[in-house]
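Read through the structure below, which is laid out as structure tokens, and then see the notes.
Quick note: the coordinates plus some simple rules give every number you see, no bench work behind them. None of these values were measured; they are calculated from a predicted model. Here Cβ is always computed from backbone atoms with ideal geometry, including for glycine, and neighbour counts include all displayed protein chains.
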């Protein structure tokens, strides 16, 4: 993330940021940079002709200020961003952002850090971008997550409320995530629910894919606005298609080739994980195309089903992770809906078979097929 | 003894939609169970076994939905036996009396079977409840189906449902309702068979011919 708040000369830094110089210093050729721009236009589903426009936009960029708030999280999203193997172009693009406040990596501490944040909010009101990582607890006035003596919800209201836009990174910040899983002891919610007045863009995933954050930033720098979103506030370029519909194992699904047990021949051959409870058919994310860790791999590629981590309340709704269907409330955990249903159908058949036997023995039922004046008024 | 008459009870749209529903429901259940618990019958990755089975399922779903829509329309323009009022016997005192009598007959409490030309009061109430199951199946099914084209017309119409229920809950409902419908089918075939024997009005053949030999209402 390069220079954040390592000294007090933030304003000076902003004016002197020169992308070309940065690229040269880090040994990134112009050709690599253009390749990155093409990849970004592809990620954003823009025509290839946009690549030079992206390059131009990035060249002329003025550093937007970024405030990164971290609440109830495992820091997995920060990790996903910071663990890039070598200085990639994407990393440098993220350096364009002047990350003036970020709990995990900022040099400033204590009151100094809090002062920095207060200064940004005051001086750049409506211009800076807020990033939220982790869920926000609301129960008992939000006391379960406090930073510098203030509750998470209080900080989020102030920071996100005054921001140009808020990017919720990861499922916790987007929809409450794991801290919000039943019974949700802290009353954790996502950013939009905690601060309804804020403009929030959700980038769920556990963790988020840093490429999607980069693409969102590029979109913002290029068009000066946030990308189009779906009904769950997620950008369509990254969450517009189901994992199942772009999955590299999809041909095996359509053909009828399934892994039956872990480690069987089908599993070794890379067949479809549908029967192992893969939640690709429930989940909207671009994992199959974008992949994780510099596009190295993603869960399904490594032989494990999708857990549905980018869907709201996935921990409650997608479990059990290794079964197709959720458990039926009120029945034992080993009972699936279809086992219960089969029992129900068999039971119904047995009941009516019994009824038939009794009916057959009641040969002399009265008035069948005859008109009954006492019953029929018609 | 009053005279038997040959009564035209089930009009053509009622019979056609009934048998279309039968075919669609059988197809949907068989393909649906396979989709829920597929067998590894694909020989190569270029096969399309599951693809065709899903295609059958979706096509049958459209047929079923259209059949149900036609039948719903007919309940407003058809004869009195097919009218929507026939499905709410509990709204009239006479209907309640008949429902109670039919229920007593079914449960062997009473030997008297009330005279009915169209649906008996218990059956028609069951049909209304089953109609709700059908609606639930159509809504959950098409909501899940619509996700193949996010932002499409169907997804715009039904996507909001995934806000209230998660996909997995919709799937659970879709599976559970199928078993309830299968339970109904067992009940339905048995009851028609029983009534064919006990009423002697030819209820089984009436679903093919439309006619019943009964005293008039």
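Between helix A:152-161 and chain A there is an angle of about 70 degrees, using the helix long axis and the longest principal axis of the Cα atoms. Sorted on the mean count of surrounding Cβ atoms within 10 Å across their residues, most packed first, peptides A:40-50, B:116-126 read B:116-126, A:40-50.
Below 8 Å between Cα atoms, with a sequence gap of 6+, how large is the relative contact order for segment B:1-94 in percent?
The value is 36 percent.
Working value for segment B:178-217: equivalent-ellipsoid semi-axes of 24, 11, 8 Å, each the square root of 5 times a Cα gyration tensor eigenvalue, largest first.
Counting every other Cβ atom within 10 Å of each residue's Cβ, A:338, A:264 order from fewest to most as A:264, A:338.
What fraction of the Cα pairs in segment A:218-359, stated in percent, has a spacing above 28 angstrom? Before the final figure, lay out the partial values.
On the way: 3729 of 10011 pairs.
Every Cα pair in segment A:218-359 considered, those over 28 Å come to 37 percent.
At q = 0.14, 0.27 Å⁻¹ the log10 of I(q)/I(0) for segment B:51-120 amounts to -0.63, -1.11, computed by Debye summation with a single uniform scatterer per C-alpha, solvent ignored.
Per residue of A:240-250, other chain Cβ atoms within 10 Å of the residue Cβ number 2 on average. Ordered from longest to shortest, the equivalent ellipsoid semi-axes for chain B are 38, 19, 17 Å, each the square root of 5 times a Cα gyration tensor eigenvalue.
Using the empirical formula 2.2 N^0.38 Å as the baseline, the Cα radius of gyration of segment A:10-237 reaches a ratio of 1.01. Computed over the Cα atoms of segment A:243-317, the ratio of the radius of gyration to the Kirkwood radius (Rg/Rh) comes to 0.96. Packing here is the average count of other Cβ atoms within 10 Å per residue, and on that basis the peptides A:137-145, A:196-204, highest first, run A:196-204, A:137-145. Per-residue mean of foreign Cβ neighbours for A:308-314 is 2 (Cβ atoms of other chains, 10 Å radius). Here the contact order of chain B, divided by its residue count and restricted to Cα pairs under 8 Å and six or more residues apart, works out to 28 percent. Each Cα pair under 8 Å and six or more residues apart adds its sequence gap; the mean of these over the residue count of chain A is a relative contact order of 13 percent. Over the protein assembly as shown, the alpha carbon radius of gyration divided by the compact-protein estimate 2.2 N^0.38 Å works out to 1.27. Working note: 222 nm ellipticity from helices only, DSSP H runs with n ≥ 4, each -39,500 (n - 2.57), summed and divided by the residues of chain A, gives -11000 deg cm²/dmol to the nearest 500.
The equivalent ellipsoid of segment A:301-347 has semi-axes of 26, 13, 8 Å, largest first, where each one is the square root of 5 times an eigenvalue of the Cα gyration tensor.
Shielding by partners for peptide B:33-40, expressed as the average number of C-beta atoms from other protein chains within 10 Å of each residue's C-beta, is 5.
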